[in-house]
1. Counting only residues that are open to solvent by less than 50 Å² (accessible area, probe 1.4 Å) and either farther than 20 Å from Ile67 by Cβ or of a type outside the set (Gly, Ala, Ser) (or both), how many does the stretch 12-29 have?
2. Counting only residues that are within 16 Å of the ligand (Cβ to nearest atom) and either in a loop (DSSP other than H, G, I, E, B) or in contact with a strand residue (DSSP E or B) (Cβ under 6 Å, 6 or more places away or on another chain) (or both), how many does the stretch 17-47 have?
Amino acid sequence: MPGVTLIGDAAHLMPPSGEGANLAMFDGAELGKAIAANPGDLEAALAAHESAMFARSAAEAADAHEILEACLGDRAPFSLIDFFTGG
Ligand SMILES: Cc1cc2nc3c(=O)[nH]c(=O)nc-3n(C[C@H](O)[C@H](O)[C@H](O)COP(=O)(O)OP(=O)(O)OC[C@H]3O[C@@H](n4cnc5c(N)ncnc54)[C@H](O)[C@@H]3O)c2cc1C
C-alpha cells in the first residue's frame, strides 16, 4: 500500500532503556520534516525518513540490549555499577 510508514515502538520495539518514548517523538518530528522537504512526493519523504530512522533506532536498540545485560546479565549488579560509574 503506498504512503504507509511506521514510527515509535511499532517500527522499532526494544528492551526498556529510557529511550522509547523519546525516539517515538523524535520519529514523528523527523517524519514531519521529511514530508515538508519533499513536497508532492510522499514516497521520497517516507524513504528518506525510514532510512534515517532505521539506522538511528538500530544504534539505540544495541545500546538498550547493553543496558539490559548490565541490569540482568551474569555480572549484575556489578555490571550496572560499572555502567553508572564508567568502571
Ligand atoms: C515499564 C516501561 C517504562 C518505560 N520507560 C520509559 C522511559 O523512561 N523513557 C522513555 O523514553 N520510554 C520509556 N518506555 C517506552 C515508551 O513507553 C514507549 O517506547 C512509547 O510509549 C512508544 O510510543 P508509541 O506511540 O510508539 O507506542 P504506544 O505508546 O504503545 O502507543 C500505541 C497506541 O496505539 C494503540 N493501539 C494499538 N492497537 C491499536 C489499534 N488496532 N487501533 C487503535 N489503536 C491501537 C494502543 O492502545 C496505544 O495507545 C517505557 C516502557 C515501559 C513498558
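The values are calculated or read from the model by the stated rules, or taken from the named source; none is laboratory data. Please read these numbers as outputs of a predicted model, since none were measured by experiment. Methodologically, a virtual Cβ is constructed for each residue, glycine included, from the backbone with ideal geometry; neighbour enumeration extends over all protein chains shown. Areas reflect the complete protein model, heavy atoms only, side chains present, ligands, DNA and RNA absent. Shrake-Rupley method; radii C 1.70, N 1.55, O 1.52, S 1.80 Å.
1. Filtering the stretch 12-29 down to residues open to solvent by less than 50 Å² (accessible area, probe 1.4 Å) leaves 12, 14-15, 17, 20, 23-24, 27-28.
Next cut, either farther than 20 Å from Ile67 by Cβ or of a type outside the set (Gly, Ala, Ser) (or both) only: 12, 14-15, 23, 27-28.
Total satisfying the criteria: 6.
2. Of all residues in the stretch 17-47, those within 16 Å of the ligand (Cβ to nearest atom) come to 17-32.
Applying the additional criterion that residues be either in a loop (DSSP other than H, G, I, E, B) or in contact with a strand residue (DSSP E or B) (Cβ under 6 Å, 6 or more places away or on another chain) (or both) yields 17-19.
Total meeting the criteria: 3.
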